[in-house]
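The values are calculated or read from the model by the stated rules, or taken from the named source; none is laboratory data. All values derive from a computational prediction rather than experimental measurement. Glycine also receives a Cβ, built like all others from the backbone with ideal geometry; neighbour counts cover every protein chain displayed. For the accessible areas, the whole protein counts, side chains as well, though only heavy atoms, and no ligand, DNA or RNA atoms are used. Shrake-Rupley method; radii C 1.70, N 1.55, O 1.52, S 1.80 Å.
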Amino acid sequence: MGSARLKLVRDETHDPAAAFASVPHGDPSPQRVRLADAAVQCITRQGIAKTTLDDVARAARCSRATVYRVFPGGKDGLISAVVDTEVARFFSALALRMGAASDLEDVLVTGITEAARRITEHRALSFVLDNEPEVILPHLTFSHMDTILAVSSTFTAPFLGRFLDHDEAQRVAEWAARIVVSHLSCPADGVDLTDDARVRRLVRTFMLPGDSPDTRDTGPIRGRAPVTTHSGGVERMAPSPPSTRTRKGEAS
Amino acid sequence: MARWGLSKTTVEDAAREAGLSRATVYRYFPGGRDELVDAVVSWQYLQFFGRLYEEVHGATSLEEVLERGLLFARRQLLEHEVLQKMVQTEPEVLMPKLTVESNRTIGLISGFLVPYLHEHGVPDGLEVHEAADFLARMILSYIASPGRWDLSDPEEVRRLVRVELLPGVVGKAQIVDR
């Protein structure tokens, strides 16, 4: 082994806010999204390596020149657009489901099962994981995984924030993201994260008992009543958060 | 591999370094370079967990096992020069290999924890193997990617163990101040 001190992986990006800011928020113009969708179709059939800009132009029924105009950087830019678009869709879908949940347990169960369903049913992602794992796996470990944890917990914390203090919401959101990534990359016998009942058991058994009087000073999970107003930026993506809906029995 | 990385290391390099002939290397590793590389990754991996095992072996409680294990494993990982180099330069080669190993690791960590869980007892309705699997995959996740936790700080590790790992597996009444 060499004796030189090598740069520690951890030094790269560790500030969650910086990590979140580093996520590309590309221009979501319709043409860009249309080409990204065409690229997803191609990737589902033949993977990332074999997909050419010609294939994408054909699938989008546009000219090669158009593809280059929208993505002057070529394929790398196109793939980034695919990731941006799919990640945005993933979190929007999560927002819809989590915004409709009525208590802490439900938010967690809904968030985890919806995330697992979206990920396992994503055909392009499945193709790449099966045939080109070296493209995806580096993003799921070490400091890259820290970025994913930061992004997912920053996104999902506002939904948990209806029931938990801010810090607790962040912590629990990260816990849920770890569960999802761990079970999807290394499935456990008998644990299907798309199964509501199974995930409910996981959440009830391992997550919610954190509410212990003996760990109070160290920050337990204490459920509290949902707050009545919230103006969190992300949460606005959910069309009908429960706090603004008519309660049961108050039907107009 | 520490010098040239994983992809650029040849069978000849390894033979020269070991003072052996190329033919000898092929006798032990008939699959050649690929087999040698896989063997190195597996071997390093087992060594890592062997040291981790030694580190936590004398611990007297589940809580102590978890605390000592997390602190030690994270430090080892950051100090592992070959691994750090490959994470930086050849993640696309290393990660698929580590992912294959991680299934085995969850089994190893989980098997190690089972006796502690049996001794401690788990809450009614929870199977020991289920608790062990949960702990193992969470531990692996924290070691590789600490996220919001600073695993170099013993106080923070203690909090992590008490807040995120223990409550579900030992029952909340069991966590008392030390």
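Within the option set B:V128, B:V157, B:V169, being of a type in the set (V, I, T), in contact with a Phe, Trp or Tyr (Cβ under 9 Å, 6 or more places away or on another chain) and more than 10 Å from chain A (Cβ to nearest Cβ) holds for one residue only, B:V157. Looking across segment B:83-127, the residues that are farther than 19 Å from A:M145 by Cα, over 15 Å from the mean Cα position of the chain (by Cα) and among the β-branched types (V, I, T) come down to B:V114, B:V122. Looking across segment B:117-128 at every residue that is open to solvent by 30 Å² or more (accessible area, probe 1.4 Å) and part of a helix (DSSP H, G or I), the one that is farthest from B:M138 (Cα to Cα) is identified as B:E119.
Yes/no per residue for (1) open to solvent by 50 Å² or more (accessible area, probe 1.4 Å); (2) at pLDDT 90 or above; (3) over 25 Å from B:L140 (Cα atoms):
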position: A:D196; (1), (2), (3): yes, yes, no
position: A:R204; (1), (2), (3): yes, yes, no
position: A:I221; (1), (2), (3): no, no, no
position: A:T228; (1), (2), (3): yes, no, yes
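All of (1) surrounded by fewer than 18 Cβ atoms within 10 Å (Cβ to Cβ); (2) within 9 Å of chain A (Cβ to nearest Cβ); (3) of a type in the set (D, E) hold for B:D133 with one exception: (1). Pairs meeting the criteria (first residue in segment B:70-81 and within 11 Å of chain A (Cβ to nearest Cβ) and closer than 14 Å to B:V56 by Cα, second residue aliphatic (A, V, I, L, M) and in a helix (DSSP H, G or I), beta carbons under 8 Å, at least 6 apart or on different chains) are B:R74/B:I143. Checked against (1) within 23 Å of A:L129 (Cβ to Cβ); (2) modelled with pLDDT of 95 or more; (3) acidic (D, E), A:D76 passes all but a single condition, namely (2).
Would a scan of segment A:151-174 turn up a residue that is at pLDDT below 85, open to solvent by 20 Å² or more (accessible area, probe 1.4 Å) and either of a type in the set (S, T, Y) or part of a loop (DSSP other than H, G, I, E, B) (or both)? No. For segment B:49-65, the set of residues classified as at pLDDT 85 or above and within 21 Å of B:N103 (Cβ to Cβ) consists of B:G50, B:R51, B:L52, B:Y53, listed by residue number.
A:A59 - would you say it is within 23 Å of A:T44 (Cβ to Cβ) and either open to solvent by less than 50 Å² (accessible area, probe 1.4 Å) or part of a helix (DSSP H, G or I) (or both)?
Numbers: within 23 Å of A:T44 (Cβ to Cβ): yes; either open to solvent by less than 50 Å² (accessible area, probe 1.4 Å) or part of a helix (DSSP H, G or I) (or both): yes.
It is true that A:A59 is within 23 Å of A:T44 (Cβ to Cβ) and either open to solvent by less than 50 Å² (accessible area, probe 1.4 Å) or part of a helix (DSSP H, G or I) (or both).
Filter segment B:5-58 for residues that are aromatic (F, W, Y), under 24 Å from the mean Cα position of the chain (by Cα) and surrounded by 13 or more Cβ atoms within 10 Å (Cβ to Cβ) and give the result. Full working, then the answer.
Looking only at segment B:5-58, we keep the residues that are aromatic (F, W, Y), and these are B:26, B:28-29, B:43, B:45, B:48-49, B:53.
After this cut, where a residue has to be under 24 Å from the mean Cα position of the chain (by Cα) as well, the list is B:43, B:45, B:48-49, B:53.
Within segment B:5-58, B:Y45, B:F48, B:F49, B:Y53 meet the criteria.
Report yes if some residue within segment B:152-170 is over 25 Å from A:A157 (Cα atoms), touching a Leu at 6+ places or on another chain (Cβ under 9 Å) and modelled with pLDDT under 90; otherwise report no. Yes; the residues of segment B:152-170 include at least one that is over 25 Å from A:A157 (Cα atoms), touching a Leu at 6+ places or on another chain (Cβ under 9 Å) and modelled with pLDDT under 90. Across segment A:179-191, the qualifying residues are those that are under 18 Å from the mean Cα position of the chain (by Cα) and over 15 Å from B:L135 (Cα atoms), and the one among them that is modelled with the lowest pLDDT is A:S185. If only residues of segment B:86-96 that are open to solvent by 50 Å² or more (accessible area, probe 1.4 Å) and not hydroxyl-bearing (S, T, Y) are counted, the one that is farthest from the other protein chains (Cβ to nearest Cβ) is B:Q88. Could you grab me the full set of residues in segment A:138-150 that are more than 14 Å from the chain's Cα centre (by Cα), without any contact (Cβ under 8 Å) to a residue 40 or more places away in the chain and assigned to a helix (DSSP H, G or I)? Once the filter is applied, which keeps residues that are more than 14 Å from the chain's Cα centre (by Cα), without any contact (Cβ under 8 Å) to a residue 40 or more places away in the chain and assigned to a helix (DSSP H, G or I), segment A:138-150 yields only A:P138. Of the set (1) open to solvent by less than 20 Å² (accessible area, probe 1.4 Å); (2) at the interface with another protein chain (Cβ under 9 Å from one of its Cβ atoms); (3) part of a helix (DSSP H, G or I), all apply to A:A188 but (3).
Would you check if there is a residue in segment A:125-137 being of a type in the set (D, E), touching a residue at least 60 places away in the same chain (Cβ under 8 Å), open to solvent by less than 40 Å² (accessible area, probe 1.4 Å) and away from chain B (no Cβ under 14 Å)?
Among the residues of segment A:125-137, not one is of a type in the set (D, E), touching a residue at least 60 places away in the same chain (Cβ under 8 Å), open to solvent by less than 40 Å² (accessible area, probe 1.4 Å) and away from chain B (no Cβ under 14 Å), which makes the answer no.
One residue stands out among those in segment B:59-82 that are more than 12 Å from the chain's Cα centre (by Cα) and of a type in the set (D, E, K, R): the one that is most open to solvent (accessible area, probe 1.4 Å), which is B:E79. Counting only helices (runs of 4 or more DSSP H) wholly contained in segment A:64-123, the ones carrying 1 or more residues that are among the small types (G, A, S) and open to solvent by 60 Å² or more (accessible area, probe 1.4 Å) occupy A:64-70. Look at (1) among the charged types (D, E, K, R); (2) at pLDDT 90 or above; (3) surrounded by fewer than 17 Cβ atoms within 10 Å (Cβ to Cβ) and you find that A:R32 fails only one, number (3).
The sole residue among B:V100, B:V114 that is open to solvent by 30 Å² or more (accessible area, probe 1.4 Å) and modelled with pLDDT of 90 or more is B:V114. Listed by first and then second residue, the pairs with beta-carbon distance under 8 Å, at least 6 apart or on different chains, first residue in segment B:96-123 and on the phi < 0 side of the Ramachandran plot and without any contact (Cβ under 8 Å) to a residue 24 or more places away in the chain, second open to solvent by 40 Å² or more (accessible area, probe 1.4 Å) and of a type in the set (G, A, S), are B:T99/A:S185.
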